[in-house]
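A.B. asks: For reference, the structure I am asking about is given below.
Taken together, the values in this text are just the output of simple stated rules run on the coordinates, not laboratory data. Predicted model, so just to flag it, every value in this text is computed and none were measured. Cβ placement follows ideal geometry from the backbone for every residue including glycine, while neighbour counts extend to all protein chains displayed.
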Amino acid sequence: MMMYALSRRLVLTGLLATSSLSAFSGLNQNARADSVPNLDASTTEYLAGLPLLTKTPLEPLAGRPTIITFFATWCPPCRPEFEALNRIHREFRETNLAIIAINAFEAMDGLSTNGSRRRFYGVTQPTFPIIDGNQDATTVFGGITRIPTLLIYDRKGTISYQFVHEKDATVQYVGYQEIKQRIQPLL
């Protein structure tokens with residue numbers, strides 16, 4: 001029975017990687033920059049009402065350049081993106097930059113467990129707050145359906161840059177250099 005469960009999980013994981021993940025790795029036509037909302041008082045209030053998954057508190061976002069990423073712990077490109085975000089957070093800690101990760105796709109197809117989440121957080125050791133998101137969170141941000149999706153807002157809360165992982169793309173996540181290049185003018 002245990003071998004069956006393991007085999008089933010591996011098959012589901014393989015299927016996810018080849019078919020279901022395509023739902024998360026193509027360009028989301030609904031998540032264009034013109035449909036992503038500003039990071040205003042109601043949006044930040046909504047975020048503050050969601051449960052935190054890490055001990056790092058969510059600080060006020062008003063007047064701060066902000067990076068928001070949507071991810072899941074089972075998402076392969078999300079891991080190196082977290083490494084880049086940790087590096088950005090350490091390097092720009094003394095600035096007013098805020099970084100938030102929203103885990104909104106964790107429950108997809110039941111692939112995640114508490115153990116896998118702990119392992120992901122243990123390996124990536126995020127230095128920024130992680131919020132337990134849900135379908136509503138993806139809707140609030142313009143209908144996010146692909147991961148990783150990374151949004152960068154300027155000090156006024158206006159979207160400055162967005163990355164949506166596209167199906168079969170050569171670039172699967174935003175790396176350190178790209179993030180740094182995009183945020184420096186906003187600081």
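A.B. asks: Using DSSP to define loop residues, name the trypsin sites (Lys or Arg not before Pro) in region 78-187 whose beta-carbon has at most 10 other beta-carbon atoms within 10 Å. Write down the numbers at each step before the final one.
C.D. replies: Numbers: sites: Arg87, Arg90, Arg93, Arg117, Arg118, Arg119, Arg146, Arg155, Lys156, Lys167, Lys180, Arg182; in loops: Arg93, Arg146, Arg155, Lys156, Lys167.
Answer by residue number: Arg93.
A.B. asks: Which distance in Å, rounded to a whole number, links the C-alpha centroids of region 66-142 and region 150-173?
C.D. replies: Centre-to-centre (Cα) distance: 14 Å.
A.B. asks: So if R0 is 25 Å, what FRET efficiency would Gln181 and Ala41 give, r being the distance between their Cβ atoms, rounded to the nearest 0.05? Please list the in-between numbers first.
C.D. replies: Details: r = 29 Å, r/R0 = 1.16.
The calculated FRET efficiency here is 0.30.
A.B. asks: Separate question: Between Arg79 and Asp136, what length in nm is gained on full extension when 0.36 nm per residue of separation is reduced by their alpha carbon distance?
C.D. replies: Numbers: separation 57, 0.36 × 57 = 20.52 nm, distance 2.37 nm.
My answer for the length gained is 18.1 nm.
A.B. asks: Aspartates and glutamates near Lys180 by alpha-carbon distance under 19 Å, same-chain residues fewer than 8 away left out - which ones?
C.D. replies: The reachable aspartates and glutamates, counting only those whose Cα sits under 19 Å from Lys180, are Glu81, Glu83, Glu91, Glu94, Asp154.
A.B. asks: Please pull out the direction-averaged projected area of region 144-187, using the convex hull of its alpha-carbon atoms, in nm² to one decimal place. Could you put the intermediate results ahead of the total?
C.D. replies: Working: hull surface 13.4 nm².
The directionally averaged projection comes out at 3.4 nm².
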